[in-house]
Amino acid sequence: MTRFDVVVVGAGPAGSAAALTAAQAGASVLLLERGPFPGAKNVHGGVIYGRVLDDLVPRWWEQAPIQRWVTRRSLMMATGAQALSVDYRNGAWAEPPYNGAIAYRSEFDSWLAGVAERAGARLVCSTTATALLRGPDGSVRGVRTDREGGEVEAGVVIACDGANSLLAREAGLRPSGSAEDFALGAKEVLALPRDEIDRRFGLTGREGAAMEVLGCTADVPASAFLHTALDTVSVGVLVPAADLARSRIRPEELIAEVKAHPAIAPYLRGAELKEYAAHLVPDGSRAVLPRLAGPGILVCGDAAGLVLTAGPWLEGVNFAIGSGIAAGEAAAAAVRAGDTGAAALAGYRSRLESSFVLGDLHRFRDVPHLMRSERMRRYPRLACDAAERLLTVDNPRPKPGVTTVLREVAAAHGARMRDLARDGWQLLRSFG
Amino acid sequence: MTMSMLDRLRRRRIRRSARREAGARPERDAGGRGDAPLRPGRGSADPAAGRRPEWSEYAFGDRMATVEFRVQDEPHIVVDTAACQACPGQPCVTACPADLFTPTADGGIVFNHEQCFECGLCRLVCEGAGGDAITWSYPRGGHGVVLRWS
Ligand SMILES: Cc1cc2nc3c(=O)[nH]c(=O)nc-3n(C[C@H](O)[C@H](O)[C@H](O)COP(=O)(O)OP(=O)(O)OC[C@H]3O[C@@H](n4cnc5c(N)ncnc54)[C@H](O)[C@@H]3O)c2cc1C
């Protein structure tokens, strides 16, 4: 049987970062991917926060396949017919060290896996890990694959196999998945000429836009996004799995509703559908595995539920890479020390705790639940109605005062000023 | 405004499931990966689509035809249709983003694995409804969905 110090399952961002880190630390590394190439199975909204790569791949931005750099971020609160946006632009984000990178996962994941290969990791695609191999004491000793004679022995297995993580389940680290802990992301990639995207979104050169939308799917607490690549725009929704099931609305119908919104349709008019895709996302702090390691196994990225969801904002790729780096370091250290038991691998968790990965997830742990509550969901509508009142000039009537408008609009939505103040405070606190 | 749009979407869904019950799934036949990307509304079989000139929707088969699938013969997901007969809500039917779960006349469900995104949502909503009708795994390495622009 072949043996590697470290076998990484899944060549998404978590897996490639883990493989690269372990290989750089001198371990022999096998990186398994079930797709025909890395990224073939993977979906994101479009934006990657790449600073986490600064140490691992110096000047990564000179080699990574980046379409555009985010220089415009906006949050839109919408009702059926209205929209109120906060729109932030920063031209400096189009220069190193950059802030958000827009990329296709087929290209980005293949690139990062290639970096791991060049550092010495062995990448094998079109191969699904089907089971864990166990030692007599129950500790994980390798993986079985669907290749002929495809058993591989490992000092440490790093499970980076994404949101469904069959390996974490098999290792007993993921309690049977619950619909409440996942959201479905469904998206369309729409083609438009590059100069048309530049014109509609107000961009030049490699500048890109990332827009998040709240409230435009009336019956379901979904959020929506629009992200620009060079000559495509991604438009999609993120909807809690349980709410989607309850609503009996189809995912593509939610996307249709977003695209038809009068504040969004002008961005997309005449675009051509290039690809439709769907994928699960771990949703909220409850999705994070209580234990991230067992004897002989570490779990990273989506497989471990390490995704930051804070209302309409989602960061998963950087959390996958951050956890992959920590796992690669911990695995290589354990292999070097000749002890890959649970205690020896516990360093993985402490690495995550002292980094942004568990730090941010802890800080924002209450946000997803709060943003989705009935109470908070009325705010996009309330904000739009207040804006309408304030911006409508109905002379000869005199203008109402701001507090009068707020009080009246709040009352119309069944709330009092006191509720607004309390919710505002709670929201502020949940964001730390 | 929003309500009317949702109504429109609901009507379309009801029409689609009516077609399905009649045994005809014409949209699904548009197999293969289209060479040219789709223009919205082109080839749309949906009369409601024409009512909104701003943005008419794709027929579902055209939507799925934009995605590459390297289909393996044996299904990677197996649905126990007898268990589905006891399921009151059958949430998989509307939730599946690829629309692969089709109710049958006897109250069961047939599943077609060929255009599966391998997302795992069906298993979650099945378990969420208290069921365990879905035996779920990934296709063999190198098979199944291949995404390029996502
Ligand atoms: C619609 C949507 C929008 C999103 N938007 C953003 C965004 O804008 N920004 C952001 O940062 N994040 C976003 N995310 C989240 C982000 O995509 C994920 O958090 C990220 O991909 C996690 O990386 P990963 O490596 O843990 O898992 P994945 O990217 O899922 O990679 C897992 C890999 O493992 C492979 N694999 C699985 N099982 C096996 C097996 N048994 N054997 C071999 N290989 C296997 C898969 O093929 C895959 O390549 C979004 C997600 C969705 C669905």
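The values are calculated or read from the model by the stated rules, or taken from the named source; none is laboratory data. Computed from a predicted structure; not experimentally measured. A quick note on method: Cβ atoms are made from the backbone with ideal geometry, for glycine too, and the neighbour counts reach across all protein chains shown. The area values use the complete protein model at the heavy-atom level, side chains included, leaving out ligands, DNA and RNA. Shrake-Rupley method; radii C 1.70, N 1.55, O 1.52, S 1.80 Å.
Quick look at the values:
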item: Surrounding net charge for A:Ala277, when Lys and Arg each add one and Asp and Glu each subtract one, Cβ distance under 9 Å; result: -1
item: Residues losing 50 Å² or more accessible surface upon assembly, the range A:12-47, compared with the chain by itself, 1.4 Å; result: A:Arg34, A:Pro36, A:Lys41
item: Solvent-accessible area lost in complex, 50 Å² minimum, residues of the range B:103-132 relative to chain alone, 1.4 Å; result: B:Phe117, B:Cys119, B:Leu121, B:Arg123, B:Leu124
item: Point-to-point label distance, A:Lys399-A:Asn90, nm (Cα→Cβ direction, 7 Å offset); result: 3.1
item: Pair B:Thr104, A:Arg59: separation of 7 Å Cα→Cβ label points (nm); result: 6.3
item: Burial order of peptide ranges B:86-92, A:299-305, A:141-147, B:67-73 (average beta-carbon count within 10 Å, highest first); result: A:299-305, A:141-147, B:86-92, B:67-73
item: 1.4 Å probe accessible area per residue over the protein assembly as shown, in Å²; result: 40
item: At R0 = 56 Å, FRET efficiency that the Cβ-Cβ distance of A:Thr392 and A:Asp137 yields, to 0.05; result: 0.20
item: Ordering of A:382-395, A:6-19, A:229-242, A:74-87 by packing [mean C-beta count within 10 Å, highest first]; result: A:6-19, A:229-242, A:74-87, A:382-395
item: Using a Förster distance of 45 Å, the FRET efficiency for A:Asp419-B:Asp80 (Cβ separation, nearest 0.05); result: 0.40
item: Cα-based helix-to-principal-axis angle, A:105-118 vs chain A, degrees rounded to 10; result: 30
item: Label-point separation in nm, A:Ala411 to A:Arg144, each point 7 Å along Cα→Cβ; result: 7.0
item: Chain A: angle of helix A:317-337 to the longest principal axis, Cα-based, in degrees nearest 10; result: 20
item: Surface share of carbon and sulfur [accessible, 1.4 angstrom probe, percent] for the protein assembly as shown; result: 52
item: B:Glu74, A:Glu151, reordered so the largest accessible area comes first (probe 1.4 Å); result: B:Glu74, A:Glu151
item: Buried solvent-accessible surface, both chains (A, B), 1.4 Å probe, Å² to nearest 100; result: 5400
item: Shielding by partners - mean other protein chain Cβ count within 10 Å, residues of B:59-68; result: 3
item: Probe 1.4 Å, all protein chains present, accessible-area order of A:Arg73, B:Arg148, largest first; result: B:Arg148, A:Arg73
item: Cα Rg, Dmax (largest Cα-Cα span) when computed across the range A:168-250, Å; result: 17.1, 52
item: Angle in degrees between helix A:251-260 and the longest Cα principal axis of chain A, rounded to the nearest 10; result: 40
item: Shielding score for A:265-274, defined as the mean number of other chain Cβ atoms within 10 Å; result: 5
